[in-house]
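Undergrad: I'd like to ask you about the structure that follows.
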Amino acid sequence: MTRRFIFAALVLAAGSAFAQSKPWDHIGREATPAEIKAWDIDVRPDFKGLPKGSGSVALGEKVWEAQCASCHGSFGESNEVFTPIVGGTTKADIETGRVKNLVLGSNFPQRTTLMKVATVSTLWDYINRAMPWNAPKTLKTDEVYGVLAYILNLGDIVPADFTLSDQNIAEVQKRMPNRNGMAFHEPLWKANGKGDVQNVACMKDCPTEAQVRSSLPDFARDAHGNILEQNRVVGPVRGADTTKPPVKAPVGSAPQPAAVVTAAAPAPAAGGVDVKALLAANACTACHGVSNKIVGPGFTEILARHKGRADLESYLTQKIRNGGSGVFGAVPMPPQPQLKEGDAQAIARWIATGPR
């Protein structure tokens, strides 16, 4: 009896130890339904996940001019940085569901968003989660419907008096110019079927070395600053040093470029404002380096251009808040209405006193 009792006690003890919490069980917690709902915002091609709402072309035009046109143009034509959203589609494409300018052999000079996208849900989902790019997820549901309606109207997919909603978006899908442009490769989806391994394009005397046949003109190589300075300082990816001619040797034979060392963050400006934190929070550093051009000019270049202005701080504050174009070329500076006046003044003061 004693042995049986000891054995039973050991079994119970082992079971108890096994049932104890795992080392990571105390880390974090289960997400609440509200938290999951906040992240679960994707919209599928069958429109599952699409919220109820509506927006007219007229509403979309107002939102577009206020928050989208500075990057994408008033009519979706965009600029030298962003590719056009509208163009390249015809009424015949809307009828057939296949964009003729995408057919092999077409010499249409530019592929636009409306030429390529097959599902209208893709546009709704992307606008909702990523736009405007300096303040994503800030558009109201009806504004997303409106902006999408405006884009569709620019492409002659819906009329100017149209109101897009969750009730009629499936009908709009039937008019997407490239709705039939997606290819479905069944062997890639059917696990029990034959694999797509019957390619006979080259079964003998195949080339042993691939040749890169595309190139970047010398005048465009450094058009938007040194790519090497625009990569993160961690991780394996390093951009090419575009201030130098392209490397002629095989890829991987050149010595690794030195890591770009970033300057230490400056102390907060007068008044206790952390300017570097403001720049990061409002996506300013996505376009501007401290001393190098990315999409827009570097902050030191801005200072050099306007140095000597008596009203420099107030001038820069207004430019930051209201945006503008033409001072540094065709690429516009989008307005930043989300910035408080005091924060815009702090950034302007930081630039005017010498960014570092």
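Undergrad: Once you put a point 7 Å from the Cα of residue 277 and another 7 Å from the Cα of residue 206, both along the Cβ direction, what distance in nm separates them?
TA: 5.6
Undergrad: If the chain between residue 338 and residue 219 were fully stretched, how many nm would it gain, using 0.36 nm times the residue separation less the Cα-Cα distance?
TA: 39.2 nm
Undergrad: Let me ask another. Please list the non-local residues whose amide H lies under 5 Å from the amide H of residue 324, H modeled 1.01 Å from N, same-chain partners needing a gap of 5 or more.
TA: Close amide H contacts, sequence-distant or interchain: 333.
Undergrad: Could I ask something else about it? In nm, to one decimal, how far is the modelled label at residue 130 from the one at residue 174, with both set 7 Å along Cα→Cβ?
TA: Result: 3.0 nm between the two label points.
Undergrad: Rounded, prolate or oblate: which fits region 96-143 when a ≥ b ≥ c are the square roots of the eigenvalues of the alpha-carbon gyration tensor, with rounded for a/c under 1.5 and prolate only if a/b beats b/c?
TA: Since a/c reaches 1.5 and a/b is larger than b/c, the shape of region 96-143 is classed as prolate.
Undergrad: Taking 0.36 nm per intervening residue step and subtracting the Cα-Cα distance, what contour gain separates residue 110 from residue 137 on full extension?
TA: 6.8 nm
Undergrad: Let me check something: with ligands and nucleic acids excluded, how do 294, 27, 347 order by accessible area (1.4 Å probe), largest to smallest?
TA: Descending order: 27, 294, 347.
Undergrad: Normalised by the number of residues in region 48-117, what is the relative contact order in percent for Cα pairs under 8 Å and 6+ residues apart?
TA: So the answer I get is 22 percent.
Undergrad: While we're on this one: For a quick protection proxy, order the peptides 306-318, 48-60, 28-40, 144-156 by their average other-Cβ count within 10 Å, most packed first.
TA: Ranking, from highest mean packing down: 144-156, 48-60, 306-318, 28-40.
Undergrad: In terms of Cα to Cα distance under 19 Å, which aspartates and glutamates are near enough to residue 100, apart from those fewer than 8 places away along the same chain?
TA: Excluding near neighbours in sequence, the set is 156.
Undergrad: A follow-up question, please. Just list whichever of 137/319; 48/91; 52/91; 293/340 have alpha carbons separated by over 27 Å in the model shown.
TA: In this structure, 48/91; 52/91 lie more than 27 Å apart at Cα.
Undergrad: Under a straight-distance cross-link criterion of Cα-Cα below 17 Å, which aspartates and glutamates are reachable from residue 37, leaving out those fewer than 8 residues away in the same chain?
TA: Result set, ordered by chain and number: 125.
Undergrad: Shape call for region 81-120 from the C-alpha gyration tensor, a ≥ b ≥ c root eigenvalues: rounded (a/c under 1.5), prolate (a/b greater than b/c) or oblate?
TA: oblate
Undergrad: Could you sort 99-106, 118-125 so that the peptide with the highest average Cβ count within 10 Å comes first and the rest follow in order?
TA: Answer by packing, highest mean first, reads 118-125, 99-106.
Undergrad: Would you mind getting me the FRET efficiency between residue 79 and residue 26? Use the beta-carbon distance for r and R0 = 51 Å, nearest 0.05.
TA: It comes out at approximately 0.50.
Undergrad: Continuing with the same structure: According to a simple spin-label model (label point 7 Å from Cα along Cα-to-Cβ), what is the distance in nm between residue 327 and residue 166?
TA: Rounded to a tenth, the inter-label distance reads 4.4 nm.
Undergrad: Rounded if a/c is under 1.5, else prolate if a/b is larger than b/c, else oblate: which is region 275-356, with a ≥ b ≥ c the root eigenvalues of its Cα gyration tensor?
TA: Rounded, because the longest to shortest axis ratio a/c is under 1.5.
The values are calculated or read from the model by the stated rules, or taken from the named source; none is laboratory data. These figures come from a predicted structure and were not determined experimentally. As a convention, Cβ positions derive from the backbone with ideal geometry for all residues, glycine included, and neighbour counts pool all protein chains shown. Ligands, DNA and RNA are excluded from the accessible area calculation, which covers all protein heavy atoms including side chains. Shrake-Rupley method; radii C 1.70, N 1.55, O 1.52, S 1.80 Å.
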